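Everything below concerns the one structure shown next.
The values are calculated or read from the model by the stated rules, or taken from the named source; none is laboratory data. This structure is a prediction, so every number in the text was calculated from the model and none was measured. Cβ placement follows ideal geometry from the backbone for every residue including glycine, while neighbour counts extend to all protein chains displayed. When the accessible area is computed, the model is the full protein with side chains, heavy atoms only, and any ligands, DNA or RNA have been set aside. Shrake-Rupley method; radii C 1.70, N 1.55, O 1.52, S 1.80 Å.
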Amino acid sequence: MSDALFELGKFKDAGKQFVLCLVVETKGSTPRKAGARMVVFEDGTIKGTIGGGSVEKQAIDQAIRVLHDRKPVKIGYQLESDLDMHCGGSMEVYFESFFPDLNLYIFGAGHVGREVGRYARDFGFAVTFIDHRGKIFQEFDSSNAHCICADYLEAANHIEYTNRDFVVITTPSHEFDELLLEKLAREKLAYLGMIGSRRKVAEARKRLLAERTLTHEQLDFVDMPIGIPFKAETPREIAISILARIIDVKNNLAL
């Protein structure tokens, strides 16, 4: 039987949510000893085993709760008195949940957008750059990101978004930015941010409300001007302010 521990990276890369169950201590007679491990997926299927029987069923149920709560726990099981198992010993099992990287879609791979993607990969994001300028992806190291060369709006219309997805709008044109804003502000996203000066953002907001293109609620959701406000000047500094906001949103949402 292959050891599930060595497959955790593969499960994560495949976009699976799962819980690692690790036997950390045993006393007396138990079906498995300390070090035994099992992976439980969100549908209740498993890889590996911590011994079978009632204790494993209880562990699977507990793993599903940990997946929802997103907090690691350690649970003790008395095999005979609690679970009516004839082994008669006790086990302590540690549970920890793991989740796939969050999607970060960056529309516009210019100076700011590429810096956002550069840093975001180190903070648990799977980065996708979208830009109609095909050669722009050769100007920086995009090897750890997915790159889509297409019209911004066309690409935006073909992506299937979820409430776990983050989107940053940093195109080279105000017109592109606003067209994307009209489209993306209607999606159920974890985060949507648009770059721009306060004046540009105010004008866009006024126009979209006047034309009843978007509601106050939809516009209030958008982080614009994007990022944490501080005196950022260079593309790299601006990217840090954007990523700081994204991390704050990520760590405050039950994704």
Checklist entry - Which residues, taken from the range 198-222, are in a helix (DSSP H, G or I), aliphatic (A, V, I, L, M) and over 15 Å from Glu175 (Cβ atoms)? => result Ala202, Leu209, Ala210, Leu219
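For (1) assigned to a loop (DSSP other than H, G, I, E, B); (2) open to solvent by 80 Å² or more (accessible area, probe 1.4 Å); (3) at pLDDT below 95, each residue gets a yes or a no:
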| position | (1), (2), (3) |
| --- | --- |
| Asn157 | no, yes, yes |
| Glu175 | no, yes, yes |
| Pro225 | yes, no, yes |
| Ala232 | yes, no, yes |
| Asp248 | no, no, yes |
| Ala254 | yes, yes, yes |
Item to check | Residue list for the range 23-58, filter: within 13 Å of Tyr77 (Cα to Cα) and of a type in the set (Asp, Glu) | outcome: Glu25, Glu56
Item to check | Meets criteria (buried (at least 17 other Cβ atoms within 10 Å of the Cβ), in contact with a strand residue (DSSP E or B) (Cβ under 7 Å, 6 or more places away or on another chain) and not hydroxyl-bearing (Ser, Thr, Tyr)) for Leu219 | outcome: no
Checklist outcome for this item: Result of the Cβ filter at 9 Å on the range 6-22, keeping first residues that are touching a residue at least 60 places away in the same chain (Cβ under 8 Å) and under 25 Å from Tyr77 (Cβ atoms) and partners that are aliphatic (A, V, I, L, M) and part of a loop (DSSP other than H, G, I, E, B), at least 6 apart or interchain, is Cys21/Ala36; Cys21/Ile50; Leu22/Ala34; Leu22/Ala36; Leu22/Ile50
Item to check | Filter result for Ile50 (hydrophobic (A, V, I, L, M, F, W, C), part of a loop (DSSP other than H, G, I, E, B) and crowded, with 16+ Cβ neighbours inside 10 Å) | outcome: yes
Next on the checklist: Could you go through the range 189-206 and let me know if any residue there is of a type in the set (S, T, N, Q) and open to solvent by less than 10 Å² (accessible area, probe 1.4 Å).
Outcome noted: no
Checklist outcome for this item: Only one of (1) hydroxyl-bearing (Ser, Thr, Tyr); (2) free of Cβ contacts under 8 Å to residues at least 40 places away in the same chain; (3) out of contact with any strand residue (DSSP E or B) (no Cβ under 9 Å at 6 or more places or on another chain) does not apply to Ser54, and that is (3)
Next on the checklist: Could you tell me how many of the residues in the range 160-173 are within 13 Å of Phe107 (Cβ to Cβ) and assigned to a loop (DSSP other than H, G, I, E, B)?
Outcome noted: 6
